[in-house]
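One structure below.
The values are calculated or read from the model by the stated rules, or taken from the named source; none is laboratory data. Computed from a predicted model, the values in this text were never measured in an experiment. Positions of Cβ are backbone-derived with ideal geometry, glycine not excepted, and every protein chain shown enters the neighbour counts. Calculation scope for accessible area: heavy atoms of the full protein, side chains included, ligands and nucleic acids excluded. Shrake-Rupley method; radii C 1.70, N 1.55, O 1.52, S 1.80 Å.
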Amino acid sequence: MLHDRHLAGASAAGDRPRTRRRAAQVPSPYSINGQAPYMDWRLIDQLRGFTKVPLLLKGILTAEDALLAVERGVDGIVVSNHGGRYLDYAPSSLEVLPEIVDVVKGRMPVLIDSGFRRGSDILKALALGAKAVCLGRVPRWGLGAYGAQGVQRVLEILQNELALAMAQAGRPTLDGLDRTAVRTHFS
Ligand SMILES: Cc1cc2nc3c(=O)[nH]c(=O)nc-3n(C[C@H](O)[C@H](O)[C@H](O)COP(=O)(O)O)c2cc1C
């Protein structure tokens, strides 16, 4: 609704109606309707038919959806709130990770992103069962500041911080990282 009003609204210069912009009417080669305001699980079945590459589902935040992803036979999930950019007050991905790992029971890799800024954040996710941590803005900040070298430096900083945090936690190897390294219940 807001989107439509915005497109049809008056111009900043006065009250002349703005020309309504229309999305290009080019059919998607994948027959997927980009205008759909929602997606459902049938889309995953459709995608399966189009591609042979591993299919990872990003944006999972509940155990229920993780189970559906297992049943749907996807190759992995990314626990993510899309960096907090879509829905205010969505749970943090780290907060819901343990319950998701519990229901998945190792049947597919569980990756995570959203809000990872330092090595100790990565330690927490790995200890709570994530197979890998993905980064969105952090490497882009490095890219914006110093180009490719900036990205490289950011990754080195995170790696060093992770190693330091592991040493401080008394877990010298990644295999030694388990839930006992992180306190999750404070009541
Ligand atoms: C500018 C920008 C655009 C993004 N666009 C999308 C998008 O189109 N689809 C999507 O799934 N996630 C999108 N994301 C979220 C990222 O894929 C990723 O989940 C998020 O950045 C991870 O959080 P972090 O930036 O705190 O590491 C976007 C993030 C940023 C910063």
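Based on this model, can you work out whether Val70 counts as surrounded by fewer than 17 Cβ atoms within 10 Å (Cβ to Cβ) and closer than 30 Å to Ala181 by Cα?
It is true that Val70 is surrounded by fewer than 17 Cβ atoms within 10 Å (Cβ to Cβ) and closer than 30 Å to Ala181 by Cα.
When the stretch 90-104 is examined, which residues are found to be within 15 Å of the ligand (Cβ to nearest atom) and either farther than 24 Å from Leu162 by Cα or open to solvent by 40 Å² or more (accessible area, probe 1.4 Å) (or both)?
Once the filter is applied, which keeps residues that are within 15 Å of the ligand (Cβ to nearest atom) and either farther than 24 Å from Leu162 by Cα or open to solvent by 40 Å² or more (accessible area, probe 1.4 Å) (or both), the stretch 90-104 yields Ala90, Pro91, Ser92, Leu94, Glu95.
Where residues in the stretch 128-178 are assigned to a helix (DSSP H, G or I) and β-branched (Val, Ile, Thr), which of them is nearest to the ligand (Cβ to nearest atom)?
Filtering the stretch 128-178 for residues that are assigned to a helix (DSSP H, G or I) and β-branched (Val, Ile, Thr), the one nearest to the ligand (Cβ to nearest atom) comes out as Val138.
As an exercise: evaluate Arg107 against (1) in a loop (DSSP other than H, G, I, E, B); (2) within 11 Å of the ligand (Cβ to nearest atom); (3) basic (Lys, Arg) and give the number of the one condition it does not meet.
Among (1) in a loop (DSSP other than H, G, I, E, B); (2) within 11 Å of the ligand (Cβ to nearest atom); (3) basic (Lys, Arg), Arg107 violates only (2).
When the residues of the stretch 111-142 are filtered to those that are hydrophobic (A, V, I, L, M, F, W, C) and under 10 Å from the mean Cα position of the chain (by Cα), which remaining residue is surrounded by the most Cβ atoms within 10 Å (Cβ to Cβ)?
Per the criteria, the residue is Ile112.
Name the residues in the stretch 73-89 that are open to solvent by 30 Å² or more (accessible area, probe 1.4 Å) and assigned to a loop (DSSP other than H, G, I, E, B), would you?
Gly73, Asp75, Arg85, Tyr86, Leu87, Asp88, Tyr89
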